[in-house]
Structures are given as structure tokens and as C-alpha cells.
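Here is the structure we will look at, set down as C-alpha cells.
Coordinate-derived values only; no laboratory data. Because the structure is a prediction, the values reported are computed rather than measured. Note that each Cβ is placed from the backbone with ideal geometry, even for glycine, and that neighbours are counted across all protein chains shown.
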Amino acid sequence: MIYVNGEPTELRPGAKLAQALALLSLSVEARGIAVAIDGEVLPRERWEQTALDDGARVEVVAAIQGG
Amino acid sequence: MSIEALSIAGRELPSRLILGSGGFASHELLSEAIAASGCELVTVALRRVDPGAQGSILDAIESAGASVLPNTAGCRTAPEAVRTARLAREALATEWVKLEVIGDEETLLPDGVELLRAAEQLVAEGFVVLPYCSDDPVLARRLQDVGAAAVMPLGAPIGSGMGIRNPYSLTLIRRAVSVPVILDAGLGTASDAALAIELGCDGVMSASAISRAHDPVAMAAAMRAAVQAGALARAAGRIPRRTYALPSSPESGMAELAEASARS
């Protein structure tokens, strides 16, 4: 199982990060977002080639009003 | 001292006011408030992407001519705050972070121990760290010692609108550190912002006092004028406090006007 922003998905192990982003209507080109996998930030230059392992917890964040 | 400008980590900011973007009813209102406030830095928080969100807050801030200052609001531990700051750097392409580590649910007061740990780590990673801290001069100095670019002591709990509860602490913080002191949290209205600058703060951060005012755009303009008034007053120098009156009109040369009955 692969989780995206806390939700279980139907992505298979080995799925590309781009597929996880597509579930949020985003692409690897999207600006203003950041990605962490299992708590560690994944630099943008590695988004394209990154594949997701079974159990991966993908977090995709953006700026919102606050502070 | 410059009346308008504030310098942090070598960056000249055209305003002493930093605006928090929380609580505005719409992005349009936020943009109008930014314009009225004249501020260069506007804080944002980081949260999970909401696919249904309308419009981009980054567009709202940038179209008003300001830059984003990400915060770590909502973090309760140093590791969590450090990871959030890294995400912010990646998402927003800025090394600047308003560091918040909250230690109490009711008061949202900062956790000084976790804050200091997180600040030290983030400075080591090249961040420009602006920590939201309690009004403790010793902690402020410790934060400066680990490389914080400024300190942001509170006036009162976030969103409380209680103003500056301990002016004395702020004057001690001003003396304890050489980095900029930016009053953060607790402001209720413009006079609180003026007082902060008069007490020696270099800047003021305001969110709720503006965004939750009856007229946020008007309050943004009021805050802008208040920090300018505070800076002018501080440069001008206040008079000393006295126990008794000091006449402001000469006492000599009074005309003899007492009634005749009073003289006999």
C-alpha cells in the first residue's frame, strides 16, 4: 500500500511519484509545492525518476494562509 | 535609526511591519491589506495540498508586491519544525523561515527548549531563522548565540489581542541582543504596534489584529502608520516620567487678578 497525504491509494509498488501527484491533480512541473517521502524531503530534481516502495508515505504540501 | 526600513540578515526591508496572512476572508482581501500595510514580508503556513483549493496564495502575495515568509506553525517538536522548514525551502525557494514550535495547546506559547534545538539545526543547514519566542531575555540571547537572524518575542498569546503584557521584558530583550527584535503575537490595535517600536523593537508582526479587524484594510493602514509613529517617537526621544507636574507655562509675570476679599 502507498499512502498520499495520509490516504491509502491504489498505486502499486514501483509507481512513479508523478502518478502520486496526479492523484492530487498535480504534475512534477507544479510550482509552490514540496514532497516528502517517509518524512524526508525529496528534492525537486529527483521527482521525475523517483519510484515508490510498498508502504511509502508521500506527503505533498503547499503554502496556505497562516501566521 | 531609519524610520521606515528594517534590515534582517543583510536584507533591507522597506517596512517595519510583517504581515501574517492567517484569518483573511479571501485572497483578494489579503492582497488589499498587503498594499495598505506597505509590508514586504507576508507569512504563510504549509499544509497538505487541497486539490479543491481556489486560487494560489502565492499569486495573491506576489501580485501585491510582497514576498512569502514561510512559518512552521502547528509544529510541536524540533524535528517536526526542521522538516517543515526544509519542505518550505523546497516549495517556496526561500531560506527564510519564521520558526514556531508550540508547547501548550491552550495558550499556544512557544516551547523554548525545542525552539532552540530547531534554530541551531536550521542555522547549520543555512536557513535564515526568525524564531517566535517567549518574552524571555535569556532565551532571546541563546537564540542569537545559535545564529538566529532575529528574535520574535510575543506581546501576548497568538490571537489574544491583549497587547504587550510585559513591556519591561521587551526593553530587556532589546538590551540583551543585537539582532533585530520583532514583536510577534498578541497585538490588539495600532497603539500596541507603536508601543512595541517605542520600547525598542525593530519591527512588528501582525496577523489577527489586522485580518480579524472589522475593516482589515483600514487596520493594515493603521498598523503601517503606527510603526512609523513609533519609530519617529523613539528617534525623537520621550521625556522622563515624573511623579509631580512640571509647568509648561512660566510661573513669573502673572497678572494680579485675585479678588479683593481674598487679599484682606
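If you go through region B:89-121 one residue at a time, how many are closer than 24 Å to B:Gly186 by Cβ and either of a type in the set (S, T, N, Q) or at the interface with chain A (Cβ under 8 Å from one of its Cβ atoms) (or both)? Spell out how you get there, then give the answer.
Here is the first cut: in region B:89-121, the residues closer than 24 Å to B:Gly186 by Cβ are B:96-116, B:118-119.
Subsequent filtering for residues that are either of a type in the set (S, T, N, Q) or at the interface with chain A (Cβ under 8 Å from one of its Cβ atoms) (or both) retains B:98, B:100, B:107.
Of the residues in that region, 3 qualify.
Only one entry in A:Arg12, A:Arg57, A:Arg31, A:Arg46 is surrounded by fewer than 17 Cβ atoms within 10 Å (Cβ to Cβ) and either β-branched (Val, Ile, Thr) or in contact with a Phe, Trp or Tyr (Cβ under 6 Å, 6 or more places away or on another chain) (or both), namely A:Arg57.
Output yes when any residue across region B:167-180 is within 17 Å of B:Pro131 (Cβ to Cβ), touching a Cys at 6+ places or on another chain (Cβ under 7 Å) and of a type in the set (A, V, I, L, M), and no when none is. There is at least one residue in region B:167-180 that is within 17 Å of B:Pro131 (Cβ to Cβ), touching a Cys at 6+ places or on another chain (Cβ under 7 Å) and of a type in the set (A, V, I, L, M). Does A:Leu42 meet the test of being in contact with a Pro (Cβ under 6 Å, 6 or more places away or on another chain), within 11 Å of chain B (Cβ to nearest Cβ) and closer than 27 Å to B:Gly55 by Cα? Answer is no for this residue.
Quick check on B:Glu40: is it touching a residue at least 60 places away in the same chain (Cβ under 8 Å), over 18 Å from B:Ser208 (Cβ atoms) and within 16 Å of the chain's Cα centre (by Cα)? Taking the combined requirement at face value, the residue does not satisfy it.
Exactly one residue out of B:Ser26, B:Ser7 is loosely packed, with under 14 Cβ neighbours inside 10 Å and without any contact (Cβ under 8 Å) to a residue 60 or more places away in the chain, and it is B:Ser26. Output yes when any residue across region B:143-161 is under 17 Å from the mean Cα position of the chain (by Cα) and among the charged types (D, E, K, R), and no when none is. No, every residue in region B:143-161 fails to be under 17 Å from the mean Cα position of the chain (by Cα) and among the charged types (D, E, K, R).
Hey, could you check region B:41-70 for residues that are part of a helix (DSSP H, G or I) and under 9 Å from B:Ser21 (Cβ atoms) and say which is nearest to the other protein chains (Cβ to nearest Cβ)? Lay out the reasoning, then the answer.
Taking region B:41-70 first, the residues part of a helix (DSSP H, G or I) are B:57-63.
Within this subset, residues satisfying the condition of being under 9 Å from B:Ser21 (Cβ atoms) are B:57, B:60-61.
Working: B:Ile57: 5, B:Ala60: 9, B:Ile61: 9 Å.
Only one residue tops the list, namely B:Ile57.
With respect to (1) within 14 Å of another protein chain (Cβ to nearest Cβ); (2) surrounded by fewer than 11 Cβ atoms within 10 Å (Cβ to Cβ); (3) polar (S, T, N, Q); (4) at negative phi, the lone exception for A:Gln65 is condition (2).
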